1. Would you call B:T295 crowded, with 22+ Cβ neighbours inside 10 Å and out of contact with any Lys or Arg (no Cβ under 9 Å at 6 or more places or on another chain)?
2. Checking A:V50 against (1) surrounded by 20 or more Cβ atoms within 10 Å (Cβ to Cβ); (2) over 22 Å from A:N118 (Cβ atoms); (3) β-branched (V, I, T), only one condition comes out false. Which one?
3. Does the range A:45-80 hold any residues that are in a helix (DSSP H, G or I), within 11 Å of the chain's Cα centre (by Cα) and within 12 Å of chain B (Cβ to nearest Cβ), and which are they?
4. Determine which member of the set B:F73, B:F19 is more than 9 Å from chain A (Cβ to nearest Cβ), aromatic (F, W, Y) and under 30 Å from the mean Cα position of the chain (by Cα).
5. Taking interchain pairs and intrachain pairs at least six residues apart, which have beta carbon atoms under 7 angstrom, with the first residue in the range B:302-321 and in contact (Cβ under 8 Å) with a residue 60 or more places away in the chain and the second basic (K, R) and surrounded by fewer than 24 Cβ atoms within 10 Å (Cβ to Cβ)?
6. If a residue has to be small (G, A, S) and without any contact (Cβ under 8 Å) to a residue 60 or more places away in the chain to count, how many in the range B:540-572 make the cut?
7. Please enumerate the residues belonging to the range B:733-757 that are out of contact with any Phe, Trp or Tyr (no Cβ under 9 Å at 6 or more places or on another chain) and among the hydrophobic types (A, V, I, L, M, F, W, C).
Amino acid sequence: MTKVTMTVNGMSVSAQTEGRTLLSAFLREGLALTGTHIGCDTSQCGACVVHVDGQAVKSCAVFAQDVAGATVTTIEGMANADGSLGVIQAAFQEHHGLQCGFCTPGMVMSTAALLAINPKPTVEEIRHGLDGNICRCTGYHNIVKAVLAASGQDATAMAAE
Amino acid sequence: MPKDHGIGASVKRREDIRFLTGTGNYTDDITIHGQAYAVFVRSNVAHGRIVSVGAEAAKGMPGVLAVFTGEDFKDVGGNPAGWLIKSRNGEAMREPKRPVLAHGKVRHVGDAYAAVIAQSYNEAKTAAQAISDASVIEELPAIVDMRQALADTSNRVHDELPDNECFDWGWIEDNRAKVDEAIKSAPHVTTLNLINNRLVPNAMEPRASIGEYFPGTGDYKLTTTSQNPHLTRLLVAAFVLGIPENKLTVVAPDVGGGFGSKIYHYGEEALVLAAAKKLKRAVKWTAERSESFLTDAHGRDHVTKIELACDLEGNFIAFRTETMANVGAYLSNFATVTPTFLHGTLMAGPYKVPNVYVNVKTVFTNTAPVDAYRGAGRPEATYSLERVVDKMCRELGLDPFEVRRKNFLTPDMFPYTTPVGLAYDTGNYHATLDKAIQLGDVAGFEARRAASAAKGKLRGLGLSTWIEACGIAPSNLVGILGARVGLYDAATVRVNATGNVSVMVGAHSHGQSHETVFAQIVGAMFGIPEGSIEIVHGDTSKIPFGMGSYGSRSLAVCGQAMANACDKVIAKGKKIAAHMLEANEGEILFSDGVFSVSGTNRSKTFGEIAFSAYVPHNYPLATLEPGLEETAFYDPANFTYPAGAYICEVEVDPDTGKVDIASFTCADDFGNVMNPMVVEGQVHGGVVQGIGQALLELGVYDENGQLLTGSYMDYAMPRADDVPFVTVDHSCSTPCTHNALGVKGCGEAGAIGSPPAVVNAVLDALNRAGKKIDHIDMPLTPSRVWSAMNA
């Protein structure tokens, strides 16, 4: 067991971890941040995406000890300071970009990472940018619209209705 | 300004707040103080005799608390099938026992034959591996192919049965001779052999269960990923473990998608309860995705021959089908109704065909159980019909739009009883077809085709028209057909003393948006803000009863139960108001949240009446009980019959065989729509699941019964860049005539109507390019399409 310290959603946290403890388990079990979800065991579904030092990372594919000292943001850290939904979260609600909600944290985190490097993505760039996140409910239609809206583009005009 | 509340408004979802902020409450998010962890030891062969289980290997390993094997459960009940289906010869279906843990034999890869409980998940997993390594299983030849399974009676999935057939069902048997004769004498018969490909449901949340036992009271609690907690309670309590129903609470908290796979009771749920009792502590199990692939009930997997008889103008005379349907190694709860009454009864489609006969043989194999998956039988029926209709049009040189149009039932024909036993209440199939043609700009297809050709792509257009029977009920009818349960639903509407409302519903929401939409209905009926209404679901200790969510039934059955309970509340409110306003009950009107005396300005608000019911100082106590809470059970008079027309355009790359969906257009009739945003979202999702079936998804077992598509590395789920935007419309509405809400159900539509539209479009593209190709089995991968083009 090794003590690991990192900054999660603005708070410095420390915990004893085994070498094999994944970042996803560190967050879910160690810190009770259960918004980060585990949807597969092959790093394919993207439900566990968090940001590590600003980069989108599948937290099920990273050992907690390997990100010691890093700054981590999870879905629990995405709301505004006053608790209201952030721009991306609000766009997902406005455009019905979620149904069962299980893939949603990963979708929001991947969207945030995409928009950070490409603030006005095309529909094609959004679809490509989210192809590491699987959603079984929405058919992606309203997710793409939500991302368009979150990037300040006219979602209704760009998405066929 | 669009409406922002009430029936018909696209009200934004209240459930989104918790899902978007990471504060949802899914089963695996829950940690009970002192909980232990279960890991299952699963067969790595498809068929084998259990010689010995190496349970001893785990004894003394770090953290290990208990090991269970099939021996521990051999005297408890089995997990039953929900429908008793009879064969053509009148014999009851074969129904082998489905144990909590396998004993004697293992029957599919992933079949659990032991479980280990440990202090930590990692310790349980390590011990499970040790048990697996120490167990001796004598491998037997795997039974995988359905034809071979029926032909070879010496090698059987269940030794106690004479062969691998579950039943041989005919629908309707009295039609058989007439249909045979009609086909024999018809001017034209089109025959098509096709496979409805095996699918793995893949709700994004893997199954998970937590068992608890409270020694002081003898109560049990199961928290589990279920679409219908009451059904799970019934199965666990009455059939499997013998716990009195009143001592077992089943909670399905937030559930991350179901699509059918979480309707059923699975052995893991019984195991965690039994283990919790033995260990006097909570026991939790969470599936890894690999376990989901191996053990969640799969979908579809039909092999069908369909014949369409018609005259030379394309007027339908008869349909006849022969289907082999895989049920896997054990009968899952709906496995016997899905390929029969959810499939054969739909085989007339939206057409006025006079003669229909359906034969289905169900087959046991050494594969995961197969059961209802979004659409459940109805996609299989629609695919067979809509594919054979297109093939006939090609054979006779007829226009597929016109052929459908001339065979559609017309609005004046309703109510209409089909030759396969359903009574369609209402519909307008010409209207949805015309709407789809308009929205899909069929007139502009030739220009788009030319543009595609200029890029070197083959463009095709495919049509599918569909109908389904959903809102599954009524109970007296399904009882005659073999259902072992009722199919009503229930709701309690509790008006609290302060005027806000708690509504306990039997339907479960795992993406369907009940918390928002049901509140819209109650808000509109009571004339109070939706924000003051709470929809409670997924907890057997809070809810009167319920049959859960599947078969697009939540709104049409449970929603109507809830509306009926609201009506009872209003009726009681009128009695209270009459007393308070010193009027006759018959003079009391209720509108927009106000009870008033007709023709006067005397009135009481909904809140005042509620308060009076709980503080009954001025109240007719001699004739009326205090309180304002009503329960309704609602058993519908008929199924509901949504229908629609789907048009798909594809581009095929002739060099690679890759298919791109250029556009997809849906015109649906769902009856009255409560929340258009939610309905459209349901269609988007269903269509993409159907596109997945048509182009990408296939559950593959090799000849040894190993699942080759056991992860997202090799089972192709639709991803954002595989699919287009989906154009949806639900304006051609013919409200259901037998529920007061006039609703039909929309959850499965997309998955039912879309696969044949995609396949018809691809074949249209290839045939327009001069390739005489009648059929390609799904999924239409680049390899399959290229191979067909270059055969």
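1. On the way: crowded, with 22+ Cβ neighbours inside 10 Å: yes; out of contact with any Lys or Arg (no Cβ under 9 Å at 6 or more places or on another chain): no.
The answer is no for B:T295.
2. Checking A:V50 against (1) surrounded by 20 or more Cβ atoms within 10 Å (Cβ to Cβ); (2) over 22 Å from A:N118 (Cβ atoms); (3) β-branched (V, I, T), the one that fails is (2).
3. Residues of the range A:45-80 in a helix (DSSP H, G or I): A:59-61, A:64-67, A:75-77.
Applying the additional criterion that residues be within 11 Å of the chain's Cα centre (by Cα) yields A:59, A:75-77.
Across the range A:45-80, the qualifying residues are A:I75, A:E76, A:G77.
4. Working: B:F19 fails: more than 9 Å from chain A (Cβ to nearest Cβ).
It is B:F73.
5. From the range B:302-321, the pairs are B:E307/B:R320; B:G314/B:K406; B:N315/B:K406; B:T321/B:K305.
6. So the first thing to find is which residues in the range B:540-572 are small (G, A, S), and the list is B:541, B:546, B:548-549, B:551-552, B:554, B:556, B:559, B:561, B:563, B:565, B:571.
Filter again for without any contact (Cβ under 8 Å) to a residue 60 or more places away in the chain, leaving B:571.
Within the range B:540-572, residues that are small (G, A, S) and without any contact (Cβ under 8 Å) to a residue 60 or more places away in the chain number 1.
7. Residues satisfying the conditions are B:A740, B:L741.
Results for (1) part of a loop (DSSP other than H, G, I, E, B); (2) under 29 Å from A:S151 (Cα atoms), shown as yes or no for each residue.
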position: A:F26; (1), (2): no, no
position: A:L33; (1), (2): yes, yes
position: A:T42; (1), (2): yes, no
position: A:Q89; (1), (2): no, yes
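Coordinate-derived values only; no laboratory data. The shown structure was predicted, so the numbers you read here are calculated from the model rather than taken from an experiment. Here the Cβ is made from the backbone with ideal geometry for all residues, glycine too, and neighbour counts use every protein chain on show.
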